[in-house]
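Student: Take a look at the following structure, please.
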Amino acid sequence: MEDMVANSVMTSTESEVTASFWRGKSVFLTGHTGFKGAWLSILLHSFGARVTGYALEPPTDPSFYALARVDRFLESIMGDVRDSDRLSQALSSSKPEIVLHLAAQPLVRESYLTPAATYAINVMGTVNILEAVRSCPTVRAVVNVTTDKCYENRELDSPFREDEPLGGYDPYSSSKACSELVTAAWRSSFFNPQNYEVHGVAIATARAGNVIGGGDWASERLIPDCIRALQNNVPIRIRNPQAIRPWQHVLEPISGYLSLAQKLYEHGCEYCSPWNFGPHGDDARSVEWIVKRLCEKWGNGARYELDMGGHPHEAGYLRLDITKARSRLGWRPRWNLEQALDATLDWVHAWLEGGDVLEKSM
């Protein structure tokens, strides 16, 4: 099913992300070995872009990057965004026109265990990529991917708009809010839209919701944790059953990143600002709703139970207002949550049966 639906999404995406625009474009992509980065690498390759990836080795084993042999589709450079000299050299040598910055420490619970590393990667990594861009005359557009968790979350029953205050209770969320502030500071100081005719670089940030899809094996993330439990025929243990998140398939936000990058390249400072990419409002569902649906779809006696142990703080309510992306970029979600879950499970079943995961992703 997913191969058919993915083709549908990618075809419809061309109305907002023009494949002909990306053909032959030189793209520098950080975090290409991660879950979203690997999907984005495949999509860029399908559009004919020339991609250079910069990242550490895949963060999990197995990994989507390795299983789909994504390294065939780009020049892969293994490096750390904290290594400013190596990062700058890699970016400069690839002569990119567009930079997509996805490299990050992406997990809330991991940030409680490694707060200093989380800030070093998410904040100084942003500083390093923007400093590298300052020294690279070929760059025209930069998209820094942050998160929906960068907002100051007061647990109100309303979706976040891009102009609302930044914040972050935990080190991960706070570090991503800092990454937003760094981007805004570099844009004001070194890539000011008022001087666009001089420097020629347009910079924006992208804030996406909770992303699901085949090929995610991260620990302490809901869907991968569910799949591991279902594989082993043990109960899924859930920590915050009533927590609400803006769930969406991975193809949705990455199409938004490409749409935004294209607008930055073509229209410059008109699009130099933050952007939300999330599902329609009625697809912001609770953790327990997601787990129930997964159990029903999986069958075979799949079940779940509440994990009543002590856990670090996580936000209880989070939704995104996507009006700006819909009205100004022409971007909108293509799948509802049921379709996203079906596509994810179909990919997982194909993997478990030894099928071609790349075929299921194109």
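Student: Is it the case that some residue within region 159-172 is out of contact with any Pro (no Cβ under 8 Å at 6 or more places or on another chain) and within 29 Å of residue 93 (Cβ to Cβ)?
Tutor: No, every residue in region 159-172 fails to be out of contact with any Pro (no Cβ under 8 Å at 6 or more places or on another chain) and within 29 Å of residue 93 (Cβ to Cβ).
Student: Could you check residue 155 against (1) surrounded by 22 or more Cβ atoms within 10 Å (Cβ to Cβ); (2) more than 24 Å from residue 39 (Cα to Cα) and say which number it fails?
Tutor: The single condition residue 155 does not satisfy is (1).
Student: How many of the residues making up region 116-145 are touching a Ser or Thr at 6+ places or on another chain (Cβ under 8 Å), of a type outside the set (S, T, N, Q) and assigned to a loop (DSSP other than H, G, I, E, B)?
Tutor: 1
Student: Filter region 72-84 down to the residues that are closer than 21 Å to residue 47 by Cα and surrounded by fewer than 16 Cβ atoms within 10 Å (Cβ to Cβ) and list them by number.
Tutor: Listed by number, the residues that qualify are 72, 75.
Student: From 265, 271, grab the single residue that is farther than 22 Å from residue 160 by Cα and aromatic (Phe, Trp, Tyr). Let's see the steps before the verdict.
Tutor: Details: 271 fails: farther than 22 Å from residue 160 by Cα.
Testing whether each residue is farther than 22 Å from residue 160 by Cα and aromatic (Phe, Trp, Tyr) leaves just 265.
Student: Mind checking which residues of region 21-68 are at pLDDT 95 or above, surrounded by fewer than 20 Cβ atoms within 10 Å (Cβ to Cβ) and farther than 18 Å from residue 213 by Cβ?
Tutor: Those that are at pLDDT 95 or above, surrounded by fewer than 20 Cβ atoms within 10 Å (Cβ to Cβ) and farther than 18 Å from residue 213 by Cβ: 21, 23, 24, 26, 48, 50, 56, 57.
Student: Another question, if that's okay. Could you check region 238-275 and list, in sequence order, the residues that are basic (Lys, Arg) and touching a His at 6+ places or on another chain (Cβ under 9 Å)?
Tutor: First pass over region 238-275, keeping only residues basic (Lys, Arg): 239, 245, 263.
The answer is 239, and nothing else.
Student: Same structure again: I'd like to verify a number: residues in region 97-113 that are touching a residue at least 24 places away in the same chain (Cβ under 8 Å) and either of a type in the set (Ser, Thr, Tyr) or more than 17 Å from residue 211 (Cβ to Cβ) (or both), how many? So that I can check it myself, show each step before the final result.
Tutor: Step one: list which residues in region 97-113 are touching a residue at least 24 places away in the same chain (Cβ under 8 Å), which gives 97-112.
This time we only want the ones that are either of a type in the set (Ser, Thr, Tyr) or more than 17 Å from residue 211 (Cβ to Cβ) (or both), so: 97-99, 111-112.
The number of residues fulfilling the criteria is 5.
Student: Ok, one more. Of (1) crowded, with 20+ Cβ neighbours inside 10 Å; (2) of a type outside the set (Ser, Thr, Tyr); (3) in a loop (DSSP other than H, G, I, E, B), residue 356 satisfies all except one. Which?
Tutor: (1)
Student: Do any strands (runs of 3 or more DSSP E) entirely within region 214-299 hold 3 or more residues that are not hydrophobic (A, V, I, L, M, F, W, C), and if so, which? Before the answer, list the steps.
Tutor: On the way: elements: 236-238, 244-249, 274-277, 284-286.
Filter on region 214-299 gives 244-249.
Student: Those residues that are within 27 Å of residue 270 (Cβ to Cβ), touching a helix residue (DSSP H, G or I) at 6+ places or on another chain (Cβ under 9 Å) and either part of a helix (DSSP H, G or I) or not hydrophobic (A, V, I, L, M, F, W, C) (or both), I need them from region 322-351; list them, please.
Tutor: Within region 322-351, 325, 328, 329, 330, 332, 333, 334 qualify.
Student: For the list (1) within 19 Å of residue 38 (Cβ to Cβ); (2) more than 20 Å from the chain's Cα centre (by Cα), I need the number of the one condition that residue 210 fails.
Tutor: (2)
Student: Tell me which of these residue 94 doesn't satisfy, since it passes every other one: (1) touching a residue at least 40 places away in the same chain (Cβ under 8 Å); (2) under 25 Å from residue 248 (Cα atoms).
Tutor: Condition (2) is where residue 94 drops out.
Student: Sticking with this structure for a sec: Only one of 104, 116 is more than 19 Å from residue 45 (Cα to Cα) and buried (at least 21 other Cβ atoms within 10 Å of the Cβ). Can you tell me which? I'd like the intermediate steps shown before the answer.
Tutor: On the way: 116 fails: buried (at least 21 other Cβ atoms within 10 Å of the Cβ).
Going through 104, 116 in turn, the sole match is 104.
Student: Sticking with this structure for a sec: In region 265-277, which residues are within 16 Å of residue 146 (Cβ to Cβ) and of a type outside the set (Phe, Trp, Tyr)?
Tutor: Result: 272, 273, 274, 276.
Student: Further question on the same structure: Of the residues 218, 202, 177, 132, which is in contact with a strand residue (DSSP E or B) (Cβ under 6 Å, 6 or more places away or on another chain), within 30 Å of residue 50 (Cα to Cα) and touching a residue at least 24 places away in the same chain (Cβ under 8 Å)?
Tutor: Exactly one of 218, 202, 177, 132 is in contact with a strand residue (DSSP E or B) (Cβ under 6 Å, 6 or more places away or on another chain), within 30 Å of residue 50 (Cα to Cα) and touching a residue at least 24 places away in the same chain (Cβ under 8 Å), namely 202.
Student: Looking at residue 187 and the list (1) under 24 Å from residue 327 (Cα atoms); (2) outside any helix (DSSP H, G or I); (3) charged (D, E, K, R), which single condition is not satisfied?
Tutor: The failed condition is (2).
Student: Name, by its number, the condition in (1) buried (at least 20 other Cβ atoms within 10 Å of the Cβ); (2) out of contact with any strand residue (DSSP E or B) (no Cβ under 6 Å at 6 or more places or on another chain); (3) touching a residue at least 40 places away in the same chain (Cβ under 8 Å) that does not hold for residue 127.
Tutor: The one condition residue 127 does not meet is (1).
Student: So for region 95-115 (the condition being over 18 Å from the mean Cα position of the chain (by Cα), in a helix (DSSP H, G or I) and farther than 23 Å from residue 60 by Cα), does at least one residue qualify?
Tutor: Within region 95-115 (the criterion being over 18 Å from the mean Cα position of the chain (by Cα), in a helix (DSSP H, G or I) and farther than 23 Å from residue 60 by Cα), the answer is no, since none of the residues qualifies.
The values are calculated or read from the model by the stated rules, or taken from the named source; none is laboratory data. These numbers were taken from a predicted model, which means no experiment stands behind them. Here Cβ is always computed from backbone atoms with ideal geometry, including for glycine, and neighbour counts include all displayed protein chains.
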